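The values are calculated or read from the model by the stated rules, or taken from the named source; none is laboratory data. Quick caveat: nothing in here was measured; it's all calculated off a predicted structure. FYI the Cβ positions are ideal-geometry reconstructions off the backbone, even for glycines, and counts take in every protein chain you see. These accessible areas exclude ligands, DNA and RNA; they are computed on the full protein's heavy atoms, side chains included. Shrake-Rupley method; radii C 1.70, N 1.55, O 1.52, S 1.80 Å.
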Amino acid sequence: MPLALLALAISAYAIGTTEFVVVGLLPTVATDLNVSLPMAGMVVSVYALGVTFGAPVLTALTGRLRRKPLLLGLMGVFVAGNLLAGVSPNYETLLAARVLSAFAHGVFFSVGATIAADLVPEDKRASAIAMMFSGLTIAIVTGVPMGTWIGQHFGWRATFLAVSALGVIGALGVAALVPAKLSQPPAAGLGTQVRVLAKPRLLLAFAITALGYGGTFVAFTYLAPILETITGFSSGTVSLVLVLYGAAIAVGNMVGGKLANRNPVRALAWLFALQAVVLIVFTFTASSPVPALVTLAGMGALAFANVPGLQLYVVQLAQRHAPGAVDVASALNIAAFNLGIAAGAFFGGRVVDSALGLAATPWVGGLFVLGGLALTLLSGALDRKDGRRGEAVAQPA
């Protein structure tokens with residue numbers, strides 16, 4: 001594998017850290033800026049919304065730009081956004097900084113995946129893309145706990161300054177290692193994206209992604225306050241618990257990929273059912289340290305185990321219903337992931353603000369996941385119906 005992939009992975013590591021590190025810093029941010037926990041949780045939502053709506057538009061607008069200069073420009077925007085977050089004097093400035101960083105996020109992964117594939121022979125493209133995305137997974141395992149520790153000891157602004165330094169390292173690696181001459185794929189305009197969104201079966205798949213994946217974030221966004229106020233862990237212990245959670249995510253992601261290879265719909269149905277059960281059980285185990293840790297390990301393993309299956313299923317549906325826009329459908333599913341994060345964080349905040357309180361966020365998240373399960377079963381039934389119809393048409397011939 002070429003060294004340029006390492007530069008892309010480092011950049012992905014920085015981006016993944018800045019997306020999720022706020023989860024561990026939520027109580028610190030809320031206290032320092034004198035805002036409520038739900039308002040602090042909006043820092044997660046606006047970032048995800050920035051990726052959801054910014055990525056498709058900016059990808060279309062920048063489709064004709066040369067790949068390497070575009071990648072360097074995106075890393076510059078990312079560094080600027082985190083620097084602004086690192087010096088934010090108030091809540092409003094922090095929100096603006098998060099949106100700025102989010103705009104770089106979505107386009108980076110879209111462009112970075114095509115560059116990674118371009119750097120290697122055709123039979124190694126999947127491995128190259130996986131290597132780039134490994135930076136995102138490693139960020140959840142190590143970057144988020146380390147960023148949480150830095151924020152707890154030196155202030156949350158120091159975390160964003162450290163992430164901006166990581167972004168500079170990634171940008172320097174891109175400048176030095178990524179070749180200037182790269183293939184220029186055809187730009188996918190906004191019209192193509194709208195046509196994909198007009199396909200009912202793909203819209204159903206995007207809804208499955210948003211509900212099934214996003215449901216965990218109803219509770220995950222407020223995990224640090226749950227562990228501190230309900231479980232009774234110290235703030236220092238929370239960063240260690242996040243290491244456990246991140247390791248479980250990494251394992252679950254690999255297992256979920258293997259389960260989804262043969263039949264993604266069946267795998268997703270089982271994963272969503274287990275995920276909903278574990279979230280509901282966490283409602284009752286959160287008050288005791290050992291049961292809470294065991295449940296959290298299960299939550300982490302299931303939280304991202306559905307990602308490979310969701311992405312594979314969208315690609316399969318696009319091949320049948322929008323064969324000329326498979327890449328666009330795949331990119332829009334990434335937007336659906338982030339829409340789920342935004343919705344989960346938002347509704348989690350509403351639950352915390354309501355009479356139900358912080359302790360209810362896990363079971364409410366479980367209801368979201370059950371909604372994803374119901375849509376998965378519906379989509380699977382439609383697949384079987386389409387299959388029978390195809391057999392009936394083919395039989396006379």
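Results, tabulated for the structure shown:
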| quantity | calculated |
| --- | --- |
| Rg to Rh quotient for segment 302-345, alpha carbon positions, Kirkwood Rh | 1.03 |
| Cα→Cβ-extended label distance, 7 Å offset, between VAL251 and ARG66, nm | 4.7 |
| Exposure ranking of VAL43, VAL251, VAL35 by accessible area [1.4 Å probe, largest first] | VAL251, VAL35, VAL43 |
| ALA381-ALA130 pseudo-label distance in nm [points 7 Å out on the Cα-to-Cβ vector] | 3.6 |
| Rounded D (µm²/s) - segment 70-137, Kirkwood Rh over Cα pairs, Stokes-Einstein at 37 °C, 0.692 mPa s | 249 |
| Scaled radius of gyration (Cα, divided by 2.2 N^0.38 Å) that segment 268-309 gives | 1.16 |
| Accessible-area ranking of LYS68, LYS199, LYS258, largest first, probe 1.4 Å | LYS258, LYS199, LYS68 |
| Rounded accessible area of LEU74 (nearest 10 Å², 1.4 Å probe) | 20 |
| Lysine pairs in the chain with Cα atoms under 29 Å, if 8 or more residues apart or on separate chains | 7 |
| Binned Cα-Cα distances of segment 298-397, short to long, each 5 Å bin given as a whole percent | 2, 10, 14, 19, 17, 13, 9, 7, 4, 2, 1, 1, 0 |
| Sequence ranges 148-154, 19-25, ranked by mean other-Cβ count within 10 angstrom, highest first | 19-25, 148-154 |
| Per residue, the convex hull volume that the Cα atoms of the chain enclose (Å³) | 132 |
| Cα-based shape type of segment 191-291, given that a ≥ b ≥ c are square roots of the gyration tensor eigenvalues and the cut on a/c is 1.5 | prolate |
| Computed [θ] at 222 nm, deg cm²/dmol, the chain (DSSP H ≥ 4; -39,500 (n - 2.57); rounded to nearest 500) | -27000 deg cm²/dmol |
| Modelled FRET efficiency - R0 30 Å, ALA374 with VAL57, Cβ distances, 0.05 increments | 0.45 |
| Unit charges on C-beta of K, R, D, E only; dipole of the chain, Debye | 1040 |
| Distance in nm between pseudo-label sites at THR142 and LEU244 (7 Å out along the Cβ direction from Cα) | 2.1 |
